[in-house]
Amino acid sequence: MVRPGRYALVNGVISDEDLGTELRDAMDGMTQLDEGLAVRSLEPGAIVKGRVTRVTREDVVVDINYKAEGIVPILEFGLDEAPEVGSEIEVLLEEIDEENGEIVLSKRKADRIRNWERIMNQHDIGDIVKGKALRKIKGGLLVDIGVPVFLPASQVDVRRSADVGEYIGRELECKIIKIDRDRRNIVLSRRKMLEEDRDRRKAEVLKSLVKGELRKGVVKNITDFGAFVDLGGIDGLLHITDMSWGRVSHPSEVVKLDQQIEVRVLDFDLQRERISLGLKQAKESPWENITERFPVGTRHSGPVVNIMPYGCFVKLADGIEGLVHISEMSWTRQISHPSELVSVGDVVEVIILDINKEKHELSLGMKQTEENPWTQVEAKYPVGTIIEGKVRNMTNYGAFIELEEGIDGLLHVNDMRWTKKFAHPSALLKKGDTVRAVVLAVDQERKRVTLGVKQLEEDPWAKIIPEKYHVSDIVKGTVTKLTNFGAFVEIEPDLEGLLHISEMADRKIEKPEEVVKVGDAITVMIINVDLAERKIGLSLRAAEGVAAGGTAPATESNEASREDIDRYIKRD
């Protein structure tokens, strides 16, 4: 609009020059008004275009057609990426300070928003994306796929990692499992992608499996009982017993995590998706030519690799071990545990006794490497030989007397005295005592020498006792033991007779203690002398009857007492 009075008239008419200037000014004013209204309609958070008017060391000044220019920190562009003056860029309007006439802009935030819009327009749930793991955050990782997105720790791998920080800096391929467009939020899963890939490869492996074939795999997990080997989508179990032909204490001695190995497929179950693998079966068995390498009867040496209560195992070669049974360790020593002779690591000489190729078993002998001393015992110690030796050990039934190193003879309790029974050899001997005895028998096959001490003297039951003691003799003695069927009475050193309970009194006796006690000196009558059984029967009531002027009463208890005595002796 031309304002009256502003321009000079020429012959009453406005000149063309003035009119053109006025029109241009009016149009410029309207344009500025429109642009000003447009800027003023913007609010913080809007992305606007602007032109770079000036670049300083700290800021980039941008004209967004507002009454004041905006400022973007130059750090948002990078040191080598500062824009040129006059170039057009997109920025985010962060703040308008009307009072100070300042406008705060952000190039970085504008780019981020545009990137989010681009990513969300290009991708959907289920898409595969690649990105670099930037850093750890609460619950997982931040991954840059053009914008920073969240990868939960539980979704990083098939097996949860102890520290997801090990993935920082790595390029990861993941699947989008969640998109929140309003909040600009994307959640990734690498695990899901790996599982789907594994399932695909698993199906391929199961379809192509052949029993007995060789396959390459990677050790993924190690346990006490074996290792799990990834065959390319499915794990197979390599049991500890199938790792080596030799002895393995723990699977970690043979395989390591992430190690690539070649295994043989031993068996598989398609329905249960289980595969049994063998590492040792991938090589030829050392037992194939065992009889040629280790013929029965040959001598070899090797280290002791294991000790059990029943023997020790000796390694003869890689994958070849044999058992030396405890009975095959020594000709002469009574061994209660193999550790008395050998320790793990000891190198010992052995003889091959037997081979079981099918069971992979070798029977070995240590004592066979030496001469059997028992072959000379019968010649060195014929029956009747008198020996002297020390008591090496005692049992309930006798004492072992050492004849020489490794050769013992047994002195049974029944061969200690002619006239006295012992419940235990300790009643007469103690360990370490020197004993003089005679050889009664030699059993080379059973490796036994029987000794006797009483045989060094004449058997008193043969002549002395029958001449000295007769039925109806009155003798004195001392009560030495009480039993439920009577009492034993010593009538001379080491010679005892039995006073049966029925021979203690004319009345019925329930317990011997009613009449006698241990240590009592009593007078008794001999009512029986049994030379075959080596027993003397006594009667207290008969002796008392004679002392009272009567005659010896008839007795019927002696025969019955034999069984009682036998049971008593056996019980002791």
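The values are calculated or read from the model by the stated rules, or taken from the named source; none is laboratory data. All of these numbers come straight from a predicted model, not from anything done at the bench. We place every Cβ from the backbone using ideal geometry, glycine too, and count neighbours over all the protein chains shown.
Name every residue in the stretch 349-383 that is within 30 Å of Gly452 (Cα to Cα), loosely packed, with under 13 Cβ neighbours inside 10 Å and modelled with pLDDT of 90 or more, in order of residue number.
Residues satisfying the conditions are Pro382, Val383.
Of (1) surrounded by fewer than 18 Cβ atoms within 10 Å (Cβ to Cβ); (2) at negative phi, Ala437 satisfies all except one. Which?
(1)
Looking at the stretch 309-336 only, could you name the residues that are aliphatic (A, V, I, L, M) and either within 27 Å of Arg448 (Cβ to Cβ) or assigned by TED's automatic domain parsing to the domain that holds Lys447 (or both)? Before you say what the answer is, go through the steps one by one.
First, pick out the residues of the stretch 309-336 that are aliphatic (A, V, I, L, M): 314, 316-317, 320, 323-324, 326, 329, 335.
Within the stretch 309-336, Leu323, Val324, Ile326, Met329, Ile335 qualify.
Among the residues of the stretch 487-500, count how many are in contact (Cβ under 8 Å) with a residue 40 or more places away in the chain and in contact with a Phe, Trp or Tyr (Cβ under 9 Å, 6 or more places away or on another chain). Step through it out loud before you land on a result.
Just the residues of the stretch 487-500 that are in contact (Cβ under 8 Å) with a residue 40 or more places away in the chain, to begin with: 489, 491, 494-500.
From the residues that got through so far, the ones that are in contact with a Phe, Trp or Tyr (Cβ under 9 Å, 6 or more places away or on another chain) too are 491, 494-500.
Total satisfying the criteria: 8.
Yes/no per residue for (1) outside any loop (DSSP other than H, G, I, E, B); (2) of a type in the set (D, E, K, R):
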position: Val187; (1), (2): yes, no
position: Glu196; (1), (2): yes, yes
position: Val219; (1), (2): yes, no
position: Val229; (1), (2): yes, no
position: Gly233; (1), (2): no, no
position: Leu237; (1), (2): yes, no
position: Ser276; (1), (2): yes, no
position: Glu288; (1), (2): no, yes
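Across the stretch 54-89, which residue is farthest from the chain's Cα centre (by Cα) among those that are closer than 15 Å to Glu102 by Cβ and among the β-branched types (Val, Ile, Thr)?
Across the stretch 54-89, the extreme among qualifying residues is Ile64.
Condition check ((1) at pLDDT 85 or above; (2) farther than 30 Å from Ile186 by Cβ; (3) surrounded by 12 or more Cβ atoms within 10 Å (Cβ to Cβ); (4) of a type in the set (D, E, K, R)) across all residues:
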| position | (1), (2), (3), (4) |
| --- | --- |
| Leu37 | no, yes, no, no |
| Ala46 | yes, no, yes, no |
| Ile64 | yes, yes, yes, no |
| Asn100 | no, yes, no, no |
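So Ser285 passes all but one of these: (1) small (Gly, Ala, Ser); (2) touching a strand residue (DSSP E or B) at 6+ places or on another chain (Cβ under 7 Å); (3) surrounded by 12 or more Cβ atoms within 10 Å (Cβ to Cβ). Which condition number does it fail?
In the conditions (1) small (Gly, Ala, Ser); (2) touching a strand residue (DSSP E or B) at 6+ places or on another chain (Cβ under 7 Å); (3) surrounded by 12 or more Cβ atoms within 10 Å (Cβ to Cβ), Ser285 misses (2) alone.
Could you check the stretch 109-155 and list, in sequence order, the residues that are farther than 18 Å from Cys174 by Cα and surrounded by 14 or more Cβ atoms within 10 Å (Cβ to Cβ)?
Lys109, Ala110, Asp111, Arg112, Ile113, Arg114, Asn115, Glu117
Which residues, taken from the stretch 108-130, are in contact with a Leu (Cβ under 8 Å, 6 or more places away or on another chain) and within 26 Å of Asp59 (Cα to Cα)?
Lys109, Ala110, Ile113, listed by residue number.
Among the residues of the stretch 492-533, how many are part of a loop (DSSP other than H, G, I, E, B), modelled with pLDDT under 90 and surrounded by 15 or more Cβ atoms within 10 Å (Cβ to Cβ)?
1
Would it be correct to say that Asp572 is within 25 Å of His424 (Cα to Cα) and modelled with pLDDT of 75 or more?
Numbers: within 25 Å of His424 (Cα to Cα): yes; modelled with pLDDT of 75 or more: no.
No.
Take Ile128 and tell me if it is in contact (Cβ under 8 Å) with a residue 60 or more places away in the chain and either assigned by TED's automatic domain parsing to the domain that holds Asp235 or under 19 Å from Met193 (Cα atoms) (or both).
yes
Return the residues of the stretch 198-217 that are part of a helix (DSSP H, G or I), farther than 15 Å from Arg159 by Cβ, in contact (Cβ under 8 Å) with a residue 24 or more places away in the chain and basic (Lys, Arg); say none if nothing qualifies.
Of everything in the stretch 198-217, those that are part of a helix (DSSP H, G or I), farther than 15 Å from Arg159 by Cβ, in contact (Cβ under 8 Å) with a residue 24 or more places away in the chain and basic (Lys, Arg) turn out to be Arg200, Arg201, Lys202.
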